[in-house]
Every structure is written in C-alpha cells, then in structure tokens.
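Note sheet for the following structure.
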C-alpha cells in the first residue's frame, strides 16, 4: 500500500490519525506513548517528539508484503508500531538469510537515512503491520533540529554493530549443529520457555542459521532422538539446556 499522509481528528475527546483514503484509525495518544519507548527519542521534550511524529507518515503492510528491498535507493527510516518484520539479506539465487526479527516498538533502516544511500537489507512484514515512516531528506532535517537523535543513534548502532560481529562469528566458526543449538537456546530463553513452531518454522530457523530446511530438520531430529529436546507440531521444548549449550559451545550462566 502506498504511503498515506495523516491528519488529526477529535473523536469523543481523543486524538486520532485518520487515513485519508480508507479512514482506518490509529490512536494518537497510544502512538505518542509508544514513540517514548524508542530509545533515540527518549531525551526529547513532548513538543519536540510531537514535531517529529507529525513529520512522518503512517504505512500499513500485510503479512508477507515487502516493505523495502536491499540495494534499492534509500526507502527512508521506519518505526514499527504494530506487527512484526524480518530484516533479511537476499542471495544471488534468491535465498533468504534472516538477520533479525523485530517487534514493536523499534526503529530500523536508520543507516539508509544517515548517508541517504541504498537500503542495506530487505524488510518483509511477517504479520499485518503498521509503521511510521520518514524519508531521507526529512530525517536529515530532523537531525539538524534535534541533535539528541543523532547521539541516540550512535549508541544504538554501536550495540547493533556488536551483534552483527557476533552473528558473523557464529556463521563463520560454528557448524550447523552448533548454530541451530545456539538459536534454540535464544528462542527458548535458555530453555526456560517452549518455542512456538507457528512463530518459528523450520524454514525460518534455516534462514536464521544460514542453512537449509532438510539439514535443520535432521539436526532437530537428532537432538530429539538424543533426548535433549521434545518436539510436537506445536512446540519445541528444551529438556536439557546444558546439553544444547554444550553443542552450541557456550556457557549458561544460570547453570553455574
């Protein structure tokens, strides 16, 4: 769906963003509170934050719809308000490697508005999603007006760079069994909760571990046969997190 500029309306004493074409509504007060959760905006005054909020536009995407594609001209910066989004790298044969699955409320594609260059990744909605969007030129103007945003971005980008280096090390130095084991620990919070298969399919796990579906299925089946995990159509349950951690070659602090 193309971008839709929003305007304010008053309904029963409440502010709303009203979509110009289909009249869907987004609660402005809830959105404002949500923006307060974005780390890059937390130091701004209410007036400054409202100024930023009204500088952008609201976009809606359906499940499986592409938000933007890597290597295309900068699509701007986004804040995920509702839904879920996969950030991916696409290979030359169209294979997909998921770098991250993001949930509300979080900013993404900020790199492409700092240098106004190509999108570094592809973003795909994995649920029906609502996003706030600002283009490169507008964001550059906002940075000049509110330098605090830039400082916040530096901190966030430092954290994400460290995660990217860790992800590279995982792919470079771990075998498939180790990568799958580490991901299962991450998804289960070190074995403390079941992994919902409807949210994490074999294909997604394969993409997150730079592998393929049949190899991941075989690896998970081996873990199951060893008694380390229990699987059903609905969940994957970690029975022995210390054994999965051994395969992943990591230490579980909570077991020390």
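The values are calculated or read from the model by the stated rules, or taken from the named source; none is laboratory data. All values reported here derive from a predicted model rather than from experimental measurement. All Cβ positions, glycine included, derive from the backbone under ideal geometry; neighbour counts span all protein chains shown.
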Quiz item: With 207, 217 as the choices, which residue is touching a helix residue (DSSP H, G or I) at 6+ places or on another chain (Cβ under 6 Å) and either in a helix (DSSP H, G or I) or more than 22 Å from residue 99 (Cα to Cα) (or both)?
Solution: 217
Practice problem: Evaluate the range 66-87: report whether one residue or more is at pLDDT below 85 and in a loop (DSSP other than H, G, I, E, B). | Solution: no
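Give the range 220-230 a look and list any residue that's touching a residue at least 24 places away in the same chain (Cβ under 8 Å) and either within 25 Å of the chain's Cα centre (by Cα) or outside any helix (DSSP H, G or I) (or both), or say none.
Selection gives 220, 229.
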Quiz item: Looking only at the range 32-60, which residues are more than 14 Å from residue 134 (Cβ to Cβ), touching a residue at least 60 places away in the same chain (Cβ under 8 Å) and assigned to a helix (DSSP H, G or I)?
Solution: 34, 39, 48
Quiz item: Can you spot a residue in the range 184-198 that is at pLDDT below 90 and surrounded by 12 or more Cβ atoms within 10 Å (Cβ to Cβ)?
Solution: no
